[in-house]
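**Student:** The structure's right below; bear with me while I get my questions together.
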């Protein structure tokens, strides 16, 4: 494996854009902010070639971040699962508009007989509420149990359903698609993932739903867990705390004001202020807006529109004990919508294949007709769970940018602010993963890095 990886790195190094790589390395280092020793890695591909890689900080004690470092990336893994499904559609093992129950008869229970793959992948199936299933944080780790539960579950309309066009299926999505994959391939999900997607792409040793036992100790940890005893039972381990919310330091504010996207962000924030004023809700004088984490985040997510009832229904299973996704037992479980583990190199490779229309190094994994369908927006309105229009395609949301034209771009972000995306119009793919103790609603690194890459690479 090491020899193969070294050969891959040698080939990729021949295509590296030195100037771009240096710029991104400087940017990633500055975006470590005040969170050392935590860090992360990013990888950029264009036209099927790796053109930049960067990394900073520690993934584990005495283990520096590298582009090949494994990390849990939460819902960023949904894009991996979606890619696998599209390969199976291309091979005519699945079809987007055939009811799932035709493949999986048990799924027809409780009014789901006509639900299609297209509806699930565009989050229009009303299968988003984990609270509608009898499953606590321990049951969620049981793949067979959860497959049976989602097959039997009822559809649930979101709160204030008339105001929304979709309802993001944060957890249910993975069991539905993963279960369907197992049925049509007659393989366990891990085997199907390897056979149909990751082995053809050369990344079978760095992309998982359910981490092999010999790889768990290579997965990045949160810095606050560097000293925890992973051999202890869950009850003896320190209770998982929510990501720390802290005020912006002077250093953080200074970094924001020197980012390549700073001028764009200030212009966008000023336009937002003027829009609020025009609506009659703000009569104050508009000064040049300060760039803060909250202010930048508002350019991408409007949390004032967050429906907490729907959000909790989608993301929080029953039970008092929250899921510790970094725990060994959870990393080895199969929770495809939430516990995908991969390296930045692996994610960027998957999206490089998508950026090239489903073709990778001469082999067609996804045919042209299937690619046209998966890359076409299905929904353009507000989402009931996410505080932004998501423009859902089949398994992917829009590429989040306020500074560039990214109409052709799509990808998926994770709860912690990791992200992977592609822009076929640029033949460009990008992945950023990390072990910062953050969420996508209180961290702007993915946006800063995305805007920088788009600005530095011409369409």
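**Student:** Given R₀ = 35 Å, FRET efficiency for residue 36-residue 364 by Cβ-Cβ distance, to 0.05?
**Tutor:** 0.20
**Student:** Using alpha carbons only, how many angstrom separate the centre of segment 388-434 from the centre of segment 33-66?
**Tutor:** About 19 Å separates the Cα centre of segment 388-434 from the one of segment 33-66.
**Student:** Express in nm, to one decimal, how much length is gained between residue 455 and residue 204 on full extension, taking 0.36 nm for each residue of separation and deducting their alpha carbon distance.
**Tutor:** Contour length minus the Cα-Cα distance gives 87.2 nm.
**Student:** A further question on this structure: Which whole-number percent gives the relative contact order of the chain, counting Cα pairs below 8 Å spaced six or more residues apart?
**Tutor:** Taking the mean separation of contacting Cα pairs over the length of the chain, I get 27 percent.
**Student:** Using R₀ = 25 Å, calculate the FRET efficiency as 1/(1 + (r/R₀)^6) where r is the Cβ-Cβ separation of residue 154 and residue 308; round to 0.05.
**Tutor:** According to the calculation, E is roughly 0.70.
**Student:** What's the ranking of 53-59, 388-394, 327-333, 431-437 by average number of surrounding C-beta atoms within 10 Å, highest first?
**Tutor:** 431-437, 53-59, 388-394, 327-333
**Student:** Between residue 102 and residue 372, what FRET efficiency follows from the Cβ-Cβ distance if R0 is 30 Å, with the result rounded to 0.05?
**Tutor:** After rounding, the FRET efficiency stands at 0.80.
**Student:** Taking 0.36 nm per intervening residue step and subtracting the Cα-Cα distance, what contour gain separates residue 388 from residue 66 on full extension?
**Tutor:** Roughly 112.7 nm would be gained on extension.
**Student:** Now a separate question. Counting C-alpha atoms alone, how compact is the chain: give Rg to one decimal and Dmax as a whole number, in angstrom.
**Tutor:** 21.1, 64
**Student:** Continuing with the same structure: If I model a spin label at residue 245 and residue 274 as a point 7 Å from the Cα along the Cα→Cβ vector, what separation in nanometres do I get?
**Tutor:** Taking the two extended label points, one gets 3.2 nm.
**Student:** Give, in nm to one decimal, the length gained when the segment between residue 139 and residue 215 is fully stretched (0.36 nm per residue of separation minus the Cα-Cα distance).
**Tutor:** Gain on extension, residue 139 to residue 215, equals 25.0 nm.
**Student:** Could you please state, rounded to a whole Å, how far the C-alpha centre of segment 114-133 is from the C-alpha centre of segment 337-382?
**Tutor:** Each part's Cα centre sits 21 Å from the other's.
Since every read-out is calculated from the coordinates, none of them should be taken as a lab result. Note that this is a predicted model, so its numbers are computed, not measured. As a convention, Cβ positions derive from the backbone with ideal geometry for all residues, glycine included, and neighbour counts pool all protein chains shown.
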